[in-house]
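Student: Got a structure for you, written out below as structure tokens; questions coming shortly.
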Amino acid sequence: ATQDLLSWINNQIARLQRVDDIPNSLSGVQTCIAEFKAYRTIEKPPRFVEKGNLEAQLFHIETQLRGQNRRLYQAPEGKEIAAINRAWSSLERAEHSREISLRDCLILQEKMEQMAARINRKAARRELWLVETSDKLKVEDFGSDTSTVSASIKREDSIKAEVFAYTER
């Protein structure tokens with residue numbers, strides 16, 4: 001039981017320390033956060049109970065041995081309660097690091113989504129402007145009198161000024 005718990009802890013530490021498995025999308029990060037929450041609420045608590053049971057069993061064995069004035073049980077190297085507690089502390093540090101990484105990725109992905117929405121709005125406005133401008137340019141009747149031709153030239157100059165302003169942006 002001790003070896004199983006230690007191997008589970010070490011596997012979880014390795015899994016939690018993998019940063020390359022966090023997807024590069026908002027929905028993917030949200031899925032990872034949901035999986036992490038499930039790990040913490042469903043998968044980890046039974047192992048914590050198992051850890052507590054091992055400590056209680058060792059305490060019970062040591063109490064019986066003391067009562068009989070016998071030498072205390074010495075767990076094999078690397079399988080003692082102290083080793084499990086050290087591994088559990090490492091697991092909690094890995095969990096904390098994973099939580100911070102997921103939170104940072106979530107914030108980044110949310111910012112990226114907002115930026116993409118802003119860019120899409122700007123692109124839609126520019127496309128609308130292009131359509132309106134091209135419609136103005138399609139008018140082939142420049143007029144036959146001086147005032148109409150003058151108005152057409154002013155319209156063309158204003159379009160040039162708008163194009164120049166958009167070019168600088």
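The values are calculated or read from the model by the stated rules, or taken from the named source; none is laboratory data. Because the structure is a prediction, the values reported are computed rather than measured. Positions of Cβ are backbone-derived with ideal geometry, glycine not excepted, and every protein chain shown enters the neighbour counts. Keep in mind that these areas ignore ligands, DNA and RNA; they rest on the heavy atoms of the full protein, side chains included. Shrake-Rupley method; radii C 1.70, N 1.55, O 1.52, S 1.80 Å.
Student: Using a 10 angstrom Cβ neighbour count of at most 15 plus a DSSP loop assignment to flag exposed chymotrypsin sites (Phe, Trp or Tyr not before Pro), which longest range of the chain is free of such sites?
Tutor: Counting only loop sites that pass the neighbour cut-off, the longest clear stretch is 1-72.
Student: GNM on the chain, C-alpha springs below 10 Å: top fluctuator among 16, 65, 102?
Tutor: 65
Student: Mind checking the angle between helix 44-67 and the chain's longest principal axis? C-alpha axes, 0 to 90 degrees, to the nearest 10.
Tutor: Between the helix axis and the principal axis of the chain, the angle is about 20 degrees.
Student: Further question: Given a Förster distance of 35 Å, report the FRET efficiency between residue 115 and residue 10 from their Cβ-Cβ distance, rounded to the nearest 0.05.
Tutor: Rounded to the nearest 0.05, the efficiency is 0.30.
Student: Would you indicate which of (i) 121, 24, 18; (ii) 57, 38, 29; (iii) 91, 40, 33 is the value of Cα extents along the principal axes in Å derived from the coordinates of this structure?
Tutor: Correct label is (i).
Student: Stretch residue 159-residue 61 to full length: gain in nm at 0.36 nm per residue minus the Cα-Cα span?
Tutor: 26.2 nm
Student: Ok, one more. Calculate what fraction, in whole %, of the accessible area of the chain sits on carbon and sulfur atoms when a 1.4 Å probe is rolled over the protein chains.
Tutor: 55 percent
Student: Count neighbours as other Cβ atoms within 10 Å of each site's Cβ, and list the trypsin sites (Lys or Arg not before Pro) in segment 56-127 that are DSSP loop with at most 10 such neighbours.
Tutor: Taking segment 56-127 and a limit of 10 other Cβ atoms within 10 Å, the loop trypsin sites (Lys or Arg not before Pro) found are 70, 71.
Student: Moving on. On average, how much accessible surface per residue is there in the chain, in Å², for a 1.4 Å probe, leaving out ligands, DNA and RNA?
Tutor: 73 Å²
Student: List the trypsin sites (Lys or Arg not before Pro) within segment 15-44 that DSSP assigns to loop and that have no more than 14 neighbouring Cβ atoms inside 10 Å.
Tutor: 18
Student: Just give me a number: lysine pairs in the chain, eight or more positions apart or cross-chain, with C-alpha atoms less than 28 Å apart.
Tutor: Qualifying lysine pairs in the chain: 13.
Student: Would you mind checking the tilt of helix 26-38 against the longest principal axis of the Cα atoms of the chain, expressed as 0 to 90 degrees and rounded to 10?
Tutor: Roughly 20 degrees, rounded to the nearest 10.
Student: Using only Cα atoms and rounding to the nearest 10 degrees, what angle (0 to 90) does helix 2-17 make with the longest principal axis of the chain?
Tutor: For helix 2-17, the angle is close to 20 degrees.
Student: Could you compute Rg(Cα) / (2.2 N^0.38 Å) for segment 1-41, with N its residue count?
Tutor: Output field value: 1.40.
Student: Could you give the alpha-carbon Rg of segment 50-100 over 2.2 N^0.38 Å, rounded to two decimals?
Tutor: 1.50
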